[in-house]
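Computed from the coordinates by the stated procedures, all read-outs in this text should not be read as laboratory data. Quick caveat: nothing in here was measured; it's all calculated off a predicted structure. All Cβ positions, glycine included, derive from the backbone under ideal geometry; neighbour counts span all protein chains shown.
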Amino acid sequence: MNIREAIKARHSVRQFKDIPIGEAEAEKLKAVIDECNSESGLNIQLVLNDPDCFDTFLAHYGRFKNANNYIALVGSSSLDDLDERAGYYGQRIVLEAQMLGLGTCWVAGTYGKGKCKADKQAGEKIVCVIALGYGEDEGKSHKSKPLGKLCALKKEDMPAWFKNGMLAAVLAPTALNQQKFFIDIDGEDAVITPGRSPMAKIDLGIVRYNFEAASGHRCVPKVK
């Protein structure tokens with residue numbers, strides 16, 4: 001499975017099989033996390049075999065089952081773009097997990113924040129977590145907005161790289177599937193404008209990664 005296939009195949013999974021993640025898969029994930037931390041300055045962590053984090057009323061309300069493994073997106077509160085970095089590098093790890101045969105679900109509110117086993121250094125915070133494991137199914141696709149609602153170009157006017165990026169961007173997971181972003185083209189780069197929502201900056205990072213991974217071109221936030 002290549003990255004574009006992973007983007008297309010990946011859907012949110014909330015119900016997992018009650019089996020531990022294999023050692024080979026865990027080691028590959030840890031290697032990717034190390035790379036992401038080195039590049040980003042974040043403190044992303046893989047937490048395995050912890051049933052407590054999702055043993056909450058909200059988690060049960062969110063229909064999580066056997067969510068015993070997760071990725072904690074941790075970073076310094078002093079970073080102005082902390083949420084965006086967490087989204088960008090978290091999505092990189094999510095797609096690696098997909099290629100390893102693992103299901104994932106981005107979780108911002110329906111987990112026990114006080115029960116999360118991730119280690120926080122002074123001045124750090126947990127942005128959100130990503131539930132992880134072997135899914136009972138592959139999840140379900142959600143309806144996406146038409147390209148014309150999310151981008152400035154008509155489909156027939158898009159360069160091939162931009163079209164590839166947009167097709168990946170519309171498949172990116174966003175809070176409540178709201179897809180509050182808009183993408184334009186600027187020479188050999190794409191420019192993305194985030195919408196307004198509590199999770200907008202995390203969504204911005206997730207969408208940017210999908211676009212860049214599929215297109216091979218940068219997708220930079222619009223400077224206001």
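The string of couplings for region 170-184 from the Karplus curve (6.51, -1.76, 1.60, θ = phi - 60°) is 6, 8, 5, x, 9, 4, 6, 6, 7, 6, 8, 8, 9, 10, 10 Hz, one whole number per residue in order, with x for Gly and Pro. Extension gain, ALA122 to LYS222: 0.36 nm times the residue separation minus the Cα-Cα distance gives 32.9 nm.
Per the Cα gyration tensor, the chain maps to an equivalent ellipsoid with semi-axes of 28, 19, 16 Å, ordered largest to smallest. Taking 0.36 nm per residue of separation and subtracting the current Cα-Cα distance, fully stretching the chain between ARG196 and LYS154 would add 12.7 nm.
Please list, short to long, the whole-number percent of alpha-carbon pairs of region 147-221 in consecutive 10 angstrom bins beginning at zero. The percentages, shortest bin first, are 22, 60, 17, 1. Relative to the dominant Cα principal axis of the chain, helix 160-169 is inclined by about 40°. By the compact-protein rule of thumb, 2.2 N^0.38 Å, the alpha-carbon radius of gyration of region 3-133 corresponds to a ratio of 0.98.
Annotation: for a label point projected 7 angstrom from Cα along Cα→Cβ of ASP34, no residues of region 75-105 have a backbone N closer than 11 Å.
Remark: ARG208, ARG63 ranked as ARG63, ARG208, counting other beta-carbon atoms within 10 Å and listing the fewest first. Our summary gives the chain a relative contact order of 25 percent, counting only alpha carbon pairs under 8 angstrom and 6 or more residues apart. Rounding to the nearest 10 and keeping the result within 0 to 90°, find how far the Cα-based axis of helix 23-40 lies from the longest principal axis of the chain. Approximately 50 degrees, to the nearest 10. The calculated FRET efficiency for the pair GLU138 and GLU188, based on their C-beta separation and a Förster distance of 35 Å, comes to about 0.50. Shown for VAL127, VAL47: other C-beta atoms within 10 Å of each C-beta, ranked fewest to most, produce the order VAL47, VAL127. Can you compute the label reach from ASP80? Point 7 Å from Cα along the Cβ direction, backbone N cut-off under 12 Å, restricted to region 201-224. Only 223-224 fall inside the zone, counting backbone N under 12 Å. 3J(HN,Hα) along region 115-128: 9, 5, 8, 5, 8, 10, 7, 4, x, 9, 9, 8, 6, 5 Hz, from the Karplus curve 6.51 cos²θ - 1.76 cosθ + 1.60 with θ = phi - 60°, whole Hz, x for Gly and Pro. Summed over qualifying helices (DSSP H, 4 residues or more, each -39500 (n - 2.57)) and divided by its residue number, the chain shows a 222 nm mean residue ellipticity of -10500 deg cm²/dmol.
Would you be so kind as to identify which of ILE71, PRO146, GLY114 lies farthest towards the positive end of the dipole of region 68-200, taking Lys and Arg as +1 and Asp and Glu as -1 on Cβ and the Cα centre as origin? Towards the positive end, the residue furthest out is GLY114.
Among the GluC sites (Glu not before Pro) within region 131-224, those in coil by DSSP and having at most 13 neighbouring Cβ atoms inside 10 Å are GLU138, GLU188. Restricting to bridges with both residues inside region 91-224, how much of the DSSP beta-bridge set is antiparallel, in percent to the nearest 5? Of the beta bridges lying entirely in region 91-224, close to 75 percent run antiparallel. As a rough footprinting exposure proxy, the listed residues SER12, SER78, SER141 were ranked by other beta carbons within 10 Å of their own, and the order from fewest upward is SER78, SER141, SER12.
Once the C-beta distance of ILE19 and LYS115 is scaled by a Förster radius of 25 Å, the resulting FRET efficiency is 0.70 to the nearest 0.05.
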